[in-house]
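Step one of this worksheet: look at the structure below.
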Amino acid sequence: GQNIDQPTEMTATEGAIVQINCTYQTSGFNGLFWYQQHAGEAPTFLSYNVLDGLEEKGRFSSFLSRSKGYSYLLLKELQMKDSASYLCAVSYGNKLVFGAGTILRVKS
Amino acid sequence: EPEVTQTPSHQVTQMGQEVILRCVPISNHLYFYWYRQILGQKVEFLVSFYNNEISEKSEIFDDQFSVERPDGSNFTLKIRSTKLEDSAMYFCASMGIEDEQYFGPGTRLTVT
């Protein structure tokens, strides 16, 4: 199967940095997406990685290692509004396979 | 900023009825997708569509489901003979040449 593994929950403090890891099966890999999803809403696109390395977009960065089947999403200067579920999704061919999501709770 | 739109936002239907969920993808995008998310569960791929034909479909996407691009702007998902377990959020997504896949706001389908 094409399992996507990420932690179920994480808690961090406002202003801190948090790293959310994701591992996936490398066979057939085309690229990796990170999405943010607030309860009851649609996933919102955060990043797309296809090559190894770090992609930075403001407070959010995403890293990919294709050989290791590993990615992480780094959130800096956490704000209360960052409390949400973060979804790792891998493109295999013409389909996107999602992980179960990591619920991030930001506390003051 | 261009966005994917979906109608209706909420659809209630009786078991056994047919429903059509509608999506308008971002105008210059070429790849279209349907996903579903049952309450409290992960997002699941249903089907991808490119160049007026299905490019890939999941095991969930059986004969009960069909997709169509009836004109240059709409992309529809038809579910025939709905079942209770079809109750879920259905998301449409589209992707352009930058490989960034954007989701619509979703249609909440409730089958009673």
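Quick look at the numbers
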read-out	value
Drop in accessible area of at least 50 Å² in the complex versus isolated chain, residues of the stretch B:76-94, 1.4 Å probe	none
Highest-MSF residue in chain A out of A:S71, A:S91, A:S83 [GNM, Cα springs under 10 Å]	A:S91
Inter-centroid distance (Cα atoms) of the stretch B:27-102 relative to the stretch A:65-88, Å	26 Å
Cβ-Cβ FRET estimate between B:K78 and A:I103, R0 fixed at 30 Å, reported to 0.05	0.35
Area hidden from solvent between B and A (accessible, protein heavy atoms only, 1.4 Å, total, Å²)	1500 Å²
Antiparallel DSSP beta bridges within chain B, percent to nearest 5	90 percent
Dipole moment magnitude, nearest 20 debye, the stretch A:37-86 about Cα centre, only Lys, Arg, Asp, Glu C-beta charged	80 debye
Neighbouring partner chain Cβ atoms per residue of A:42-51, average, 10 Å criterion	4
Count of lysine pairs in the protein assembly as shown with Cα separation under 20 Å (8 or more residues apart, or interchain)	11
Residue-normalised accessible area of chain B, given per residue in Å² at a 1.4 Å probe	52 Å²
Dipole of the protein assembly as shown [Lys/Arg +1, Asp/Glu -1 at C-beta], most positive-end residue of B:N51, A:T11, A:Y92	A:T11
Probe 1.4 Å, accessible area per residue of chain A, Å²	47 Å²
Radius 9 Å from Cβ of B:R80, net charge of other residues (Lys, Arg +1; Asp, Glu -1)	-1
Calculated FRET efficiency for the pair B:R69/A:S67, C-beta based, R₀ 35 Å, to 0.05	0.35
Antiparallel bridge percentage (DSSP; both residues within the protein assembly as shown; nearest 5)	90 percent
Spacing of the two label points (7 Å from each Cα toward its C-beta) at A:T8 and B:M15, in nm	3.1 nm
Relative contact order of chain A, pairs being alpha-carbon contacts under 8 Å that are 6 or more residues apart, as %	38 percent
Length-normalised contact order of the stretch B:18-112 in % [C-alpha pairs under 8 Å, at least 6 apart]	34 percent
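The values are calculated or read from the model by the stated rules, or taken from the named source; none is laboratory data. Nothing here was measured: the structure is a model prediction, and the numbers come from that model. All Cβ positions, glycine included, derive from the backbone under ideal geometry; neighbour counts span all protein chains shown. For accessibility, only protein heavy atoms count, side chains too; no ligands or nucleic acids. Shrake-Rupley method; radii C 1.70, N 1.55, O 1.52, S 1.80 Å.
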